[in-house]
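**Student:** Structure provided below as structure tokens; questions to follow.
No lab work stands behind these numbers, since they all come straight from the coordinates. Predicted model, so just to flag it, every value in this text is computed and none were measured. Positions of Cβ are generated from backbone atoms using ideal geometry, with glycine treated the same way; all protein chains shown enter the neighbour counts.
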């Protein structure tokens, strides 16, 4: 048996989602030599699949737009939302660092955000909640700027795209719904379609990147600009622990183990455990029905390795994942297409969710409908709508305008019947209950008041509705047959269970002391929100903020003299040249 190859660097980052890329970029722009390891064939992690928003109280972009915020109110709001188990030390660090993270990325990288107007915090009745300004979204990005790395960026969920793969952003959604009614909306969509058509002549997919794919693309470009060494298809095998300190990792590179020594430390950003079936059964309710959206490589590697060297989890959470309502299409080749029901259908006027008894069980426009599914045992459930609704808004994989409806009925994904009673029999619920549920809902739609679940009452519901619909943007009748249903399941886009860390993202041991040389960020750290997020983008913002804190700590800790005045390209030599 030959000895393992050994190389040295300053920082090793394991995982290439938003957390890992941010940690790598910050450390590199501060003068560190950084090697980033990605287990799969793609860079971008869960971030590339996400909506891409970040929740940042008191950010400078909102201030420039005249939206005034108060850090003390934001602190009080988050404390009240999460409750008594909140880590106040981490919360204070987050409130202080998140705005600085945004400014740092704007000043030192090609990452760019814009204020996403009209999105209120998720808990509007809590003191300190904001109606606008805390949600930032990544500015769209031209994938051609990644050059040879564009095919190596994890593609977005195809369900976020138009048929054929053209990406849309949140700002495009009003144009989609008005494309046949407004000439300006028609021009907007036509312009995007024309660019997409030209892109497909030269590239494997469209180069206009939006949402989380834009975020991941911008971070990947920034990592390249900062001189980060990027290795894909390179899983971590184990941490190197000597004398209680982490000195590097052993990874599998081109089929051979390689020892990578890290002079400053290791950052774990491996994406949590959603793709680990054993851990899902341990931490997720209704695990037999659960559908996860995360990448295939998120199998808990960082969590397990950190525990093996003395790290520990940070106690019980309010929930163990960021829940998402999901529907599933089994394709002819046996593969599953998973559609996350985020904002396209279930909160729009004229759609309800019913359980196995044919009854509503929660507010369909709330962000966390899965919590109601779990609490009431409504797993699986169905979304119900009429013909008018599905033609206007779509339903799951059926796009606005009814695109794909006939094909998806044929595939058994969409169920259709001429009457509600017939639809009830088709989906296996009580016809009397379903008819009664729809009749009651229709009466409430006329008044605009949902007496059962208060749908559309809170400002947090409104972005999922249709602002042009009156009197309540989230309530509309279900009356024009035929009628349609799609089966929905509880799913997740992120786990929340993770390692206990401190304000510098250092992993803590059983005595609450930092393990020298070991940091954890993203889904490898326990969520600050403990499963009860304060607003849109709250999970992405933890990844970027604590990635920023980890990168800054690794770069600054122990520095007694400034780094040599070499350019980044001179500073960053190919690591292959440092083999011992």
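**Student:** Rank by packing, highest mean first: peptides 122-135, 203-216, with packing defined as the count of other Cβ atoms within 10 Å averaged across residues. Please list the in-between numbers first.
**Tutor:** Values: 122-135: 19.3, 203-216: 24.1.
By packing density, highest mean first, the sequence is 203-216, 122-135.
**Student:** Please give the length that would be gained between residue 449 and residue 286 if that part of the chain were fully extended, namely 0.36 nm times their separation in residues minus their C-alpha to C-alpha distance (nm, one decimal). If you can, show how the numbers build up before the last one.
**Tutor:** Numbers: separation 163, 0.36 × 163 = 58.68 nm, distance 3.19 nm.
Working it through step by step, the gained length comes to 55.5 nm.
**Student:** For the peptides 463-474, 222-233, 385-396, what is the packing order when you average, over each peptide's residues, the other Cβ atoms within 10 Å and list the highest mean first?
**Tutor:** The densest-packed peptide leads the list: 385-396, 222-233, 463-474.
**Student:** Hey, with R₀ at 30 Å, roughly what FRET efficiency would residue 406 and residue 468 work out to, going by the Cβ-Cβ distance, to 0.05? Please report the intermediate quantities before stating the final value.
**Tutor:** Values: r = 27 Å, r/R0 = 0.92.
Computed FRET efficiency for residue 406 and residue 468: 0.65.
**Student:** Now, a different point. State the Kirkwood hydrodynamic radius of the stretch 322-492 in Å, one decimal place, computed from all pairs of distinct Cα atoms.
**Tutor:** Values: mean 1/r = 0.0638 Å⁻¹.
With all distinct Cα pairs of the stretch 322-492 included, I get 15.7 Å.
**Student:** Same structure, new question: If you restrict to DSSP beta bridges whose two residues both lie in the chain, what percentage is antiparallel, to the nearest 5?
**Tutor:** Numbers: 51 of 74 bridges.
Taking every DSSP beta bridge within the chain, about 70 percent pair in antiparallel fashion.
**Student:** Using only Cα atoms and rounding to the nearest 10 degrees, what angle (0 to 90) does helix 211-226 make with the longest principal axis of the chain?
**Tutor:** Rounded to the nearest ten degrees, it is 10.
**Student:** Another question, then. Go ahead and run the numbers for FRET between residue 5 and residue 41, Cβ-Cβ distance against an R0 of 22 Å, rounding to 0.05.
**Tutor:** Values: r = 22 Å, r/R0 = 0.99.
The value I calculate is 0.50.
**Student:** Sorted by mean Cβ packing within 10 Å, highest first, what order do the peptides 66-75, 297-306 take? Write out the running numbers ahead of the final one.
**Tutor:** Numbers: 66-75: 14.8, 297-306: 24.2.
The packing order, highest mean first, is 297-306, 66-75.
**Student:** Given contacts defined as C-alpha pairs under 8 Å and at least six residues apart, what's the relative contact order of the stretch 322-492, whole-number percent? Kindly include the intermediate steps, with their values, before the conclusion.
**Tutor:** On the way: 370 pairs, mean separation 58.1, N = 171.
Dividing the mean separation by the residue count of the stretch 322-492 yields 34 percent.
**Student:** Please compute the length gained on full extension between residue 511 and residue 252, using 0.36 nm multiplied by the number of residues separating them and subtracting their Cα-Cα distance.
**Tutor:** Details: separation 259, 0.36 × 259 = 93.24 nm, distance 3.21 nm.
Additional length available on full extension: 90.0 nm.
**Student:** Related question: What does a probe at residue 186 reach in the stretch 385-421, counting residues whose amide N is under 17 Å from the point 7 Å along Cα→Cβ?
**Tutor:** Answer for this model: 401.
**Student:** Still on this model: So if I take the centroid of the Cα atoms in the stretch 125-143 and the same for the stretch 298-375, what is the distance between those two points in Å?
**Tutor:** Distance between centres, Cα-based: 22 Å.
**Student:** What's the center-to-center distance, using Cα atoms, between the stretch 177-228 and the stretch 1-21 in Å?
**Tutor:** Each part's Cα centre sits 32 Å from the other's.
**Student:** If I take R0 = 41 Å and measure r between the Cβ atoms of residue 158 and residue 70 in this structure, what FRET efficiency does the formula 1/(1 + (r/R0)^6) give, to the nearest 0.05?
**Tutor:** Working: r = 41 Å, r/R0 = 1.00.
Approximately 0.50, to the nearest 0.05.
**Student:** Can you give me the angle between helix 18-29 and the longest principal axis of the chain, using Cα atoms only, in degrees from 0 to 90, rounded to the nearest 10?
**Tutor:** Helix 18-29 sits at roughly 30 degrees to that axis.
**Student:** A further question follows. Can you tell me the 0 to 90 degree angle between the C-alpha axis of helix 88-108 and the longest principal axis of the chain, rounded to 10?
**Tutor:** That works out to roughly 80 degrees.
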